[in-house]
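Structure first, commentary second.
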Amino acid sequence: NAGVTQTPKFQVLKTGQSMTLQCAQDMNHNSMYWYRQDPGMGLRLIYYSASEGTTDKGEVPNGYNVSRLNKREFSLRLESAAPSQTSVYFCASSNQLSYNSPLHFGNGTRLTVT
Amino acid sequence: AQSVTQLDSHVSVSEGTPVLLRCNYSSSYSPSLFWYVQHPNKGLQLLLKYTSAATLVKGINGFEAEFKKSETSFHLTKPSAHMSDAAEYFCVVSGKTSYDKVIFGPGTSLSVIP
């Protein structure tokens, strides 16, 4: 009954370093998303994948890349981390790319860039 | 264009008293509306959703919300607060087609005083 699993839970990077955040879901959902959460700003969409094999930019894609590895997995890569990318990152999935389909979230990755 | 406003950044209630978390939205068409709850160091969890059926929506843990089109509001209520209700609450408005039109409010932090 895992739902959406994110790794790692915490990460500290130095400016310029790279890393990949991993996300996997076991609910057979078609759509997956990456959000960032910053104080007082709610959640902002970075990238999403409507279905396996497709990815699209969200509201704040600059500095990030994604890979939909298969139906279960959707990774987020920071090629050259910047302090502005200090945030909490959430992966989510939904049954379909539809206004009627609620999101299921992982527990987040807390990233600090120094 | 869509937007969502949560009128209070922080609400404090005593245990056993009613909870009211306010949300107003703006949408050029009939929206879908959601409330999510986030407990500390956790991902967001769906509380309830409105998708143009009954205007009074019941959710988990005794929460409910009423869609009022004339007031463009979707306020979240609960008759009696429990200590376990202390969390961050997000009102979300969704578009009809593309999922990148999901807009999260900035959140309301609910404190419950024993």
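The values are calculated or read from the model by the stated rules, or taken from the named source; none is laboratory data. Small disclaimer: the values here were computed from a predicted structure and weren't measured. Positions of Cβ are backbone-derived with ideal geometry, glycine not excepted, and every protein chain shown enters the neighbour counts.
Restricting to segment B:23-50, name every residue that is of a type in the set (S, T, N, Q) and within 14 Å of the chain's Cα centre (by Cα). Listed by number, the residues that qualify are B:N24, B:S32, B:Q38, B:Q45. If only residues of segment B:7-30 that are in a strand (DSSP E or B) and modelled with pLDDT under 95 are counted, the one that is nearest to B:I60 (Cα to Cα) is B:Y25. Within segment A:68-83, is there a residue that is modelled with pLDDT of 95 or more and within 23 Å of B:G105 (Cβ to Cβ)? There is no residue in segment A:68-83 that is modelled with pLDDT of 95 or more and within 23 Å of B:G105 (Cβ to Cβ). Listed here are the strands (runs of 3 or more DSSP E) enclosed by segment B:31-114 that have at least 1 residues being within 9 Å of another protein chain (Cβ to nearest Cβ): B:32-38, B:44-50, B:87-94. Per the listing B:F67, B:F90, the residue uniquely touching a residue at least 40 places away in the same chain (Cβ under 8 Å) and touching a Phe, Trp or Tyr at 6+ places or on another chain (Cβ under 9 Å) is B:F90. Taken as a whole, segment A:47-60 holds at least one residue that is in contact with a helix residue (DSSP H, G or I) (Cβ under 9 Å, 6 or more places away or on another chain), of a type in the set (K, R) and surrounded by 14 or more Cβ atoms within 10 Å (Cβ to Cβ). Listed by position, the strands (runs of 3 or more DSSP E) contained in segment A:15-114 that have at least 3 residues being free of Cβ contacts under 8 Å to residues at least 60 places away in the same chain, more than 8 Å from chain B (Cβ to nearest Cβ) and touching a Ser or Thr at 6+ places or on another chain (Cβ under 8 Å) are A:19-25, A:64-68, A:74-78.
One residue alone among B:L56, B:L33, B:L47, B:L20 is out of contact with any Cys (no Cβ under 6 Å at 6 or more places or on another chain) and free of Cβ contacts under 8 Å to residues at least 24 places away in the same chain, and that residue is B:L56.
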